[in-house]
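Single-structure report; data block below.
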Amino acid sequence: MSSPAFRPDPTSPSDCAENHRRMLAGELYYCWTPDVVQGRARCKSAMLKYNTEAADGETSRRRVAELLMDLLQDPTPLPPKLDDPEQDAAQFGDFPYIDTPVKMDYGSNVRLGKGVYMNSSCTLLDVCPITIGARTLIGPNVSFYSATHPIDPVIRNGMRGPELGKPITVGEDCWFGGSVVVLPGVTIGRGVVLGAGSVVTKDVEDFVVVAGNPARVVKRLDVQRDEYEKMVRENKERGH
């Protein structure tokens, strides 16, 4: 584990920059420097807007996409607006969609592929990057915990001590049952099915079904790889 010796001076821009670098790199860092606090405050404001407006059935698909892009701090431009509302909404058919409410720490460290769907009441503690591959479907109450704390209570020191994280990566075409928990540092392969209530503590290979606490492989999927790769290529060619 990283040494906790570096304690940033919150008035020093260089110390704050180094602290933020450590956070994203999965090293011990402190969560109370002004830039890190501001990042969480920005996310709370963007989350409130998203959870309020996106929950309204009258909100346009474009507006929901704008709110999500703001929450994720994603600068990718949206398609030009069309005069016909239905045609305009159709442009977002493969845009990621999150049912409300959703909880994130920073938002800016969450990366969603095309066609990702996330059901309601999901939690993403994105101290480090959380990357979810295209066409992945996520059930309700699923939690992605990239954040963690030192196990040594002297280093941890309650709210006064440092914390850390590890990135989470999910491959394309996965399906998460409800209430799955993914722990820091886990990589999940392509085409994986995760049974409801599973706690994923270590990496998962491609094309398997896992279940349990801790999650274990219970079935290997007989996926025709050529057909799968063809599907992936066709989706990419269509911009999906």
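The values are calculated or read from the model by the stated rules, or taken from the named source; none is laboratory data. Here the structure is a predicted model, which means the values were calculated and not measured. Note: ideal-geometry Cβ built from the backbone for every residue, glycine included; neighbour counts use all protein chains shown. The protein model used for the area step is the full one, side chains on, heavy atoms only, and it has no ligands, DNA or RNA in it. Shrake-Rupley method; radii C 1.70, N 1.55, O 1.52, S 1.80 Å.
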Problem - Of all residues making up the stretch 165-174, the number that are in contact (Cβ under 8 Å) with a residue 40 or more places away in the chain and either more than 26 Å from I98 (Cβ to Cβ) or assigned to a loop (DSSP other than H, G, I, E, B) (or both) - result: 5
Fill in the blank from the handout: So, first residue among the charged types (D, E, K, R) in the stretch 34-54, second residue open to solvent by less than 60 Å² (accessible area, probe 1.4 Å), Cβ within less than 7 Å, six or more apart or across chains; the pairs are D35/C16; R40/D105; R40/Y106; K49/L67; E53/T59; E53/L67
Practice task
Can you confirm whether the stretch 142-154 contains a residue that is farther than 19 Å from T187 by Cα, among the aliphatic types (A, V, I, L, M) and open to solvent by 30 Å² or more (accessible area, probe 1.4 Å)?
Solution key: yes
Handout entry: V210, sole failed condition from (1) open to solvent by less than 20 Å² (accessible area, probe 1.4 Å); (2) part of a strand (DSSP E or B); (3) touching an Asp or Glu at 6+ places or on another chain (Cβ under 8 Å)
Key = (3)
Practice task
Just give me the residues in the stretch 213-240 being among the hydrophobic types (A, V, I, L, M, F, W, C) and open to solvent by 80 Å² or more (accessible area, probe 1.4 Å), in sequence order.
Solution key: V218
Practice task
Determine which single condition D35 fails, assuming it passes every other condition in (1) more than 24 Å from T136 (Cα to Cα); (2) open to solvent by 70 Å² or more (accessible area, probe 1.4 Å); (3) of a type outside the set (S, T, N, Q).
Solution key: (2)
Practice task
Go through the stretch 62-75 and count every residue that is farther than 23 Å from R40 by Cβ and open to solvent by 70 Å² or more (accessible area, probe 1.4 Å).
Solution key: 1
Fill in the blank from the handout: When the stretch 76-87 is checked residue by residue, the ones that are assigned to a loop (DSSP other than H, G, I, E, B) and either more than 25 Å from R40 (Cβ to Cβ) or in contact with a Lys or Arg (Cβ under 7 Å, 6 or more places away or on another chain) (or both) are P77, L78, P79, P80, K81, L82, D83, D84
Handout entry: Test result for G178, open to solvent by 10 Å² or more (accessible area, probe 1.4 Å) and touching a residue at least 24 places away in the same chain (Cβ under 8 Å)
Key = yes
Exercise for the section: Using the structure shown, decide if D70 is among the acidic types (D, E), more than 23 Å from the chain's Cα centre (by Cα) and under 27 Å from T148 (Cα atoms). Expected result: no
Practice task
Considering only the stretch 88-116, state which residues are of a type in the set (K, R) and part of a loop (DSSP other than H, G, I, E, B).
Solution key: K114
Problem - Residue in the stretch 141-154 that is closer than 23 Å to T52 by Cα and in a loop (DSSP other than H, G, I, E, B) present - result: yes
Exercise for the section: Test each condition in (1) in a helix (DSSP H, G or I); (2) closer than 20 Å to G139 by Cα for Y228 and report the one that comes out false. Expected result: (2)
Completion exercise
Scanning the stretch 1-56 residue by residue, the ones that are part of a helix (DSSP H, G or I) and of a type in the set (F, W, Y) total 1
Completion exercise
For the stretch 181-207, the count of residues that are of a type in the set (K, R) and either open to solvent by less than 10 Å² (accessible area, probe 1.4 Å) or farther than 22 Å from K230 by Cβ (or both) equals 1
Handout entry: Considering residues of the stretch 85-130 that are without any contact (Cβ under 8 Å) to a residue 24 or more places away in the chain, over 18 Å from G185 (Cα atoms) and of a type in the set (A, V, I, L, M) only, the residue surrounded by the fewest Cβ atoms within 10 Å (Cβ to Cβ)
Key = A90
